[in-house]
Amino acid sequence: MKFGTKAIHAGIQPDSATGAIMTPIYQTSTYVQEQIGVNKGFEYSRTANPTRSTLENNIAILENGKYGAAFGSGLAAIDCVMKMLNPGDEVISTNDLYGGTYRLFRTIFEKYGIKFHFVPMGNLSEVSEKINTKTRLIWVETPTNPTMTIIDIQGMSSIAKQHELILAVDNTFATPYLQTPLDLGADIVMHSATKYLGGHSDVVMGILVCNDDSLANEIYRIQNSSGAICGPMDAFLVLRGIKTLHLRMKQHSDNGRVIANYLKDHPKVDKVYWPGFESHTNHSIAKIQMKDFGGMISFSLIGDKIEDALEVVKKVKIFALAESLGGVESLIGHPVSMTHASVPKEERLKAGISDSLIRLSVGIEDADDLISDLRNALS
Ligand SMILES: *Cc1c(COP(=O)(O)O)cnc(C)c1O
């Protein structure tokens with residue numbers, strides 16, 4: 001089956017009790033047992049719930065994996081991965097990582113004795129240098145936020161295999177429509193389903209997918225023991241969102257291409273970060289591991305003045321000023337005063353996050369309208 005068919009049908013059966021074609025929202029905590037030990041596969045909704053299980057199967061199949069697990073947020077899913085580790089273990093992580101993931105690593109898991117190395121991963125050699133006998137896991141995010149760095153998943157997977165490390169990939173920006181990390185040798189795929197999978201800015205959720213039986217056992221054990229599950233209503237919303245994932249991602253990517261090219265030629269725009277440009281660092285890897293380049297774009301302004309960037313984000317009318325990304329509506333943000341406000345200036349400049357950098361989550365509106373909006377705001 002091809003992707004669009006799987007998005008709509010994979011792992012989804014009409015409801016066995018009623019024939020309902022849409023997976024019902026099983027808003028229940030418990031399930032009546034015929035007698036002790038005899039049940040219909042469900043005992044208590046922290047452990048398993050039919051709406052959630054359907055979503056978990058659906059996303060697992062889309063990622064070409066065997067096992068899916070859904071959590072109350074993207075960070076809860078990452079929290080589960082980190083709980084597989086023990087005090088003394090070390091993790092090598094992408095340096096320009098989603099801010100919330102960085103905070104989770106530094107302020108929660110360091111306290112429990114896990115050591116993190118934050119490494120620029122555009123070039124793989126720096127990763128090998130950090131590996132020692134305590135290293136257990138490599139955490140990759142690609143493309144990264146906000147400069148869209150592309151990390152070579154297959155190359156990273158050879159390093160991980162050589163040293164028997166777990167390779168986990170945050171696939172939030174790409175989604176399985178654009179990139180399937182398990183096929184490239186990753187062991188775990190993570191999503192903030194809050195973003196493109198849900199796709200309508202109406203739910204917060206996290207997902208893990210893997211192929212390996214023992215990794216899956218660990219994930220389900222932690223999911224059930226720590227209890228950071230998502231509710232059935234949210235599972236329903238993400239199941240519904242995924243049904244149009246292929247159409248939305250195609251449109252996000254098409255709009256992204258038009259807008260990136262418009263910005264590139266604009267006299268007031270300095271740099272444009274979009275992995276589809278041949279000049280983009282690791283464009284050749286993006287071309288191999290991604291089907292298209294998505295709708296996330298960042299750009300900086302000539303002169304690099306904070307006031308100019310603030311003026312642009314204030315003047316847009318269709319692009320909404322907001323955190324988050326991946327919804328049908330276009331969003332605009334200023335990383336220096338929003339997502340990356342807590343990063344020291346020197347560090348953020350090293351990561352390419354200049355004062356005038358503006359980030360777009362290009363939605364699926366008509367591209368012409370989005371361009372007029374930007375033209376107006378930049379004039
Ligand atoms: C939003 C996001 C997260 C965190 O997900 P939540 O659902 O907000 O907890 C993790 N990684 C990336 C790349 C994200 O964009």
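Considering (1) away from the ligand (no atom under 14 Å from the Cβ); (2) free of Cβ contacts under 8 Å to residues at least 40 places away in the same chain; (3) buried (at least 17 other Cβ atoms within 10 Å of the Cβ), say which one residue 331 fails and leave the rest.
(1)
Do any residues in the range 175-199 that are in the same structural domain as residue 136 (by TED's automatic domain parsing) and touching a residue at least 60 places away in the same chain (Cβ under 8 Å) have Cβ atoms under 8 Å from those of residues that are crowded, with 24+ Cβ neighbours inside 10 Å and acidic (Asp, Glu), where the two are at least six apart or on different chains, and which pairs are they?
Pairs found: 176/63; 180/63; 181/63; 182/63; 189/63; 190/170; 191/170; 192/170.
Could you go through the range 285-293 and let me know if any residue there is touching a strand residue (DSSP E or B) at 6+ places or on another chain (Cβ under 7 Å) and either of a type outside the set (Ser, Thr, Tyr) or more than 26 Å from residue 183 (Cβ to Cβ) (or both).
Kept after step one, since they are touching a strand residue (DSSP E or B) at 6+ places or on another chain (Cβ under 7 Å), are these residues of the range 285-293: none.
No, the range 285-293 has no match at all.
If you check 64, 49, 57, which single one turns out to be in the same structural domain as residue 102 (by TED's automatic domain parsing) and touching a Pro at 6+ places or on another chain (Cβ under 7 Å)?
Numbers: 64 fails: touching a Pro at 6+ places or on another chain (Cβ under 7 Å); 57 fails: touching a Pro at 6+ places or on another chain (Cβ under 7 Å).
Only one candidate passes the filter, namely 49.
Quick one: which helices (runs of 4 or more DSSP H) sit completely within the range 94-185 and have at least 2 residues that are buried (at least 18 other Cβ atoms within 10 Å of the Cβ) and within 16 Å of the ligand (Cβ to nearest atom)?
On the way: elements: 99-104, 125-130, 153-162, 175-178.
Counting at least 2 such residues, we get 99-104, 175-178.
Can you confirm whether residue 238 is part of a strand (DSSP E or B), under 17 Å from the mean Cα position of the chain (by Cα), farther than 30 Å from residue 374 by Cα and in contact (Cβ under 8 Å) with a residue 40 or more places away in the chain? Walk me through it before giving the result.
Values: part of a strand (DSSP E or B): no; under 17 Å from the mean Cα position of the chain (by Cα): yes; farther than 30 Å from residue 374 by Cα: yes; in contact (Cβ under 8 Å) with a residue 40 or more places away in the chain: yes.
So residue 238 does not fit the description; no.
What number goes with the only condition from (1) over 28 Å from residue 203 (Cα atoms); (2) exposed (fewer than 14 other Cβ atoms within 10 Å of the Cβ) that residue 321 does not pass?
(1)
For the range 186-216, what are the residues that are within 13 Å of the ligand (Cβ to nearest atom) and surrounded by fewer than 24 Cβ atoms within 10 Å (Cβ to Cβ)?
Those that are within 13 Å of the ligand (Cβ to nearest atom) and surrounded by fewer than 24 Cβ atoms within 10 Å (Cβ to Cβ): 195, 201, 202, 203, 204.
Looking at residue 321, is it in contact with a strand residue (DSSP E or B) (Cβ under 9 Å, 6 or more places away or on another chain), without any contact (Cβ under 8 Å) to a residue 40 or more places away in the chain and not assigned by TED's automatic domain parsing to the domain that holds residue 98? Talk me through it step by step, then tell me what you get.
On the way: in contact with a strand residue (DSSP E or B) (Cβ under 9 Å, 6 or more places away or on another chain): yes; without any contact (Cβ under 8 Å) to a residue 40 or more places away in the chain: yes; not assigned by TED's automatic domain parsing to the domain that holds residue 98: yes.
Yes: the conditions hold for residue 321.
Which ones in the range 62-93 are outside any strand (DSSP E or B) and within 15 Å of the ligand (Cβ to nearest atom)?
Filtering the range 62-93 down to residues outside any strand (DSSP E or B) leaves 62-66, 72-89.
Passing the criteria: 72, 73, 74, 75, 76, 77, 78, 79, 80, 81, 82.
Given the residues 253, 284, 298, which is the only one that is outside the structural domain of residue 63 (by TED's automatic domain parsing) and outside any helix (DSSP H, G or I)? Before you say what the answer is, go through the steps one by one.
On the way: 253 fails: outside any helix (DSSP H, G or I); 284 fails: outside any helix (DSSP H, G or I).
So the residue among 253, 284, 298 that is outside the structural domain of residue 63 (by TED's automatic domain parsing) and outside any helix (DSSP H, G or I) is 298.
The values are calculated or read from the model by the stated rules, or taken from the named source; none is laboratory data. A quick note: this is a predicted structure, and the numbers were derived from the prediction, not measured. When we count neighbours, we look across all protein chains shown, and the Cβ atoms used for this are built from the backbone with ideal geometry, even at glycine.
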